[in-house]
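Structure first, commentary second.
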Amino acid sequence: MSLPHLPPNVIRSVYLLASVLFIIGIKQLSSPKSARNGNLLASVGMLLAIVATLLDRQILSYGTIAAGIVLGGLIGTVAASRVAMTAMPQMVALFNGSGGGAAAIVSSLEYLRFARAGLPVPPVSGVTILLGALIGAISFTGSIVAFGKLQGLVTERAVTYPLQKPINFILFLAIVAASAWLVVTGQPDVMVYAWFAAAALLFGVMFVIPIGGGDMPVVISLLNSFTGLATAATGFSLHNHVLIISGTLVGASGTLLTYLMCKAMNRPITNVLFGAFGAVVKGTGAAGAARAGAMAGKGVREVSVEDTATILAYARSVIVIPGYGLAVAQAQHSVRELADVLKSRGVDVKYAIHPVAGRMPGHMNVLLAEANVPYQELYDLDAINPEFERADVALIIGANDVVNPAARNDPSSPIYGMPILDADKAKHIIILKRSMKPGFAGIENELFYNPKAMMLFGDAKDTASKVVHAVKTV
């Protein structure tokens, strides 16, 4: 089966149109109101790019490609329709891995094309092929490990062992040495390339495994950037302009998002990647030990569902702070129902969204949007923090480290310096939580022992539903 080939100028024009649609689509993703339309425009751009590519190259078997499109489309449709909103970070991690893996495979096939033909690999082609394979392989296995951590298949804690950094450094040097040898010699060597690819895949695992679950928003955005860079490198190898442009867009946006996530935690990227944040720490210093001892001598104040309902029903303003516990309990619909009941009584309800709450960038926004929470009620950290002093109630649902005052008060704390939501400044603090278990930073939350704080233990979804019923009877 063969299809007509389009003239080069037509192909370039279609690629240009697709690239413009990509850029407009990404721009519209910046607002919840236009995000759906942005996704549609970017999808149309990708469809145009695929069709143009199929009509630009001499395809050996359109039937095989059609079968792959149908099979992949079915798998993607079923997976996307069945995945729970709480599992979005896992799906994003798998998407990142799929993109990186595809780039690595295409780069490897391009290298094998030179090998089978017995042709030397030009230096420029060698560099772009190896970069595409290296970055793509790291993105693939790194994303698989990230998925395992998010899914609970791999421990969410940072995994460390003696000489970890030197071993990783030696492995990276071996990858660089193999790459340099392949580029300098120019002669295809499948065996050396196979060792290079295997080392790159291993490095992806070693790269992500020491990073704790609390840093997954940063890791996911960084791996997304890697996938884009791998795609751009593959585009250079294949002389495909739309791959270069789209890969660069993804790489740049992922890099910017990574920077914003690190800024939100007030931590450099090197600390995220090499600081083993979330590992079990044996000592926290004199100041930390003193604070831990002081908190150990205090008790938390529990509150009943009925008392919680009374406090909320007669409040004038309530600020809801969602966290990863909200996602785990799938409590977003119950929380929205609670907010609706409170608003019907004249209570002003706002949602405070910390940039790194959850396990991927925008995790809380996605969850609340799925529950039809109006996006006008969602406020970022800088906009909502001045409101806490005037709020009657800070209702914390599953959030932990992002409201821990230790970030302001304890220089020995691993989260010291991280901007937090000022929940402790509200008149009353109600915390919905399963237990006193610490967050991913592995430290006690000082807020739990605040005299204004009240703990309502239990599953967030079940508890919120009970509070809704109780508010209706107040």
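Can you tell me which residue among Asp215, Asp189 is modelled with pLDDT of 85 or more and of a type in the set (Asp, Glu)?
Details: Asp215 fails: modelled with pLDDT of 85 or more.
Answer to the check: Asp189.
The rows are residues; the columns are (1) of a type outside the set (Gly, Ala, Ser); (2) closer than 21 Å to Ala315 by Cα; (3) surrounded by 22 or more Cβ atoms within 10 Å (Cβ to Cβ).
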| residue | (1), (2), (3) |
| --- | --- |
| Ile384 | yes, yes, no |
| Glu389 | yes, yes, no |
| Ile396 | yes, yes, yes |
| Val402 | yes, no, yes |
| Gly417 | no, no, no |
| Ala426 | no, yes, yes |
| Arg434 | yes, no, no |
| Asn445 | yes, no, yes |
| Ala453 | no, yes, yes |
Please give the number of the condition Ala371 fails out of (1) under 24 Å from Asp459 (Cβ atoms); (2) open to solvent by 10 Å² or more (accessible area, probe 1.4 Å). (2)
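Regarding Gln28, is this residue touching a Lys or Arg at 6+ places or on another chain (Cβ under 9 Å), under 30 Å from Gln376 (Cα atoms) and either open to solvent by 70 Å² or more (accessible area, probe 1.4 Å) or touching a residue at least 40 places away in the same chain (Cβ under 8 Å) (or both)? It would help to see each step written out before you state the result.
Numbers: touching a Lys or Arg at 6+ places or on another chain (Cβ under 9 Å): yes; under 30 Å from Gln376 (Cα atoms): yes; either open to solvent by 70 Å² or more (accessible area, probe 1.4 Å) or touching a residue at least 40 places away in the same chain (Cβ under 8 Å) (or both): no.
So Gln28 fails the test.
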Quick check on my filter: what residues within the stretch 316-331 are modelled with pLDDT of 90 or more and buried (at least 22 other Cβ atoms within 10 Å of the Cβ)? Val318, Ile319, Val320, Ile321, Pro322
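Listed here are the residues, each with its yes/no results for (1) out of contact with any helix residue (DSSP H, G or I) (no Cβ under 6 Å at 6 or more places or on another chain); (2) open to solvent by less than 30 Å² (accessible area, probe 1.4 Å); (3) closer than 20 Å to Phe236 by Cβ.
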position	(1), (2), (3)
Ser61	yes, no, no
Leu71	yes, no, no
Val78	yes, no, no
Ser81	yes, no, no
Asn96	no, yes, no
Ala104	no, yes, yes
Ala117	yes, no, yes
Gly136	no, yes, yes
I'm trying to understand the selection: among the residues of the stretch 83-133, which are farther than 17 Å from Thr185 by Cα and of a type in the set (Val, Ile, Thr)? Val83, Thr86, Val92, Ile105, Val106
Val468 meets each of (1) in contact with a strand residue (DSSP E or B) (Cβ under 6 Å, 6 or more places away or on another chain); (2) β-branched (Val, Ile, Thr); (3) over 23 Å from Ala264 (Cα atoms) with one exception, condition (1)
When you look at Leu202, is it out of contact with any Phe, Trp or Tyr (no Cβ under 7 Å at 6 or more places or on another chain), open to solvent by less than 50 Å² (accessible area, probe 1.4 Å) and assigned by the TED database to the domain that holds Gln164, yes or no? no
Taking strands (runs of 3 or more DSSP E) that fall entirely within the stretch 305-387, which contain at least 3 residues that are in contact with a strand residue (DSSP E or B) (Cβ under 6 Å, 6 or more places away or on another chain) and among the β-branched types (Val, Ile, Thr)? 317-322
Scan the stretch 64-88 and report the pairs whose first residue is of a type outside the set (Phe, Trp, Tyr) and whose second residue is open to solvent by 60 Å² or more (accessible area, probe 1.4 Å) and in a helix (DSSP H, G or I), with Cβ atoms within less than 6 Å and a gap of 6+ or a chain change. Met85/Glu370
For the stretch 31-53, how many residues are more than 17 Å from Ile244 (Cα to Cα) and open to solvent by less than 50 Å² (accessible area, probe 1.4 Å)? 5
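The values are calculated or read from the model by the stated rules, or taken from the named source; none is laboratory data. The structure presented is a predicted model; accordingly, all values stated were derived computationally and were not measured. We place every Cβ from the backbone using ideal geometry, glycine too, and count neighbours over all the protein chains shown. Heads up: the accessible areas ignore ligands, DNA and RNA and are worked out on the full protein's heavy atoms, side chains in. Shrake-Rupley method; radii C 1.70, N 1.55, O 1.52, S 1.80 Å.
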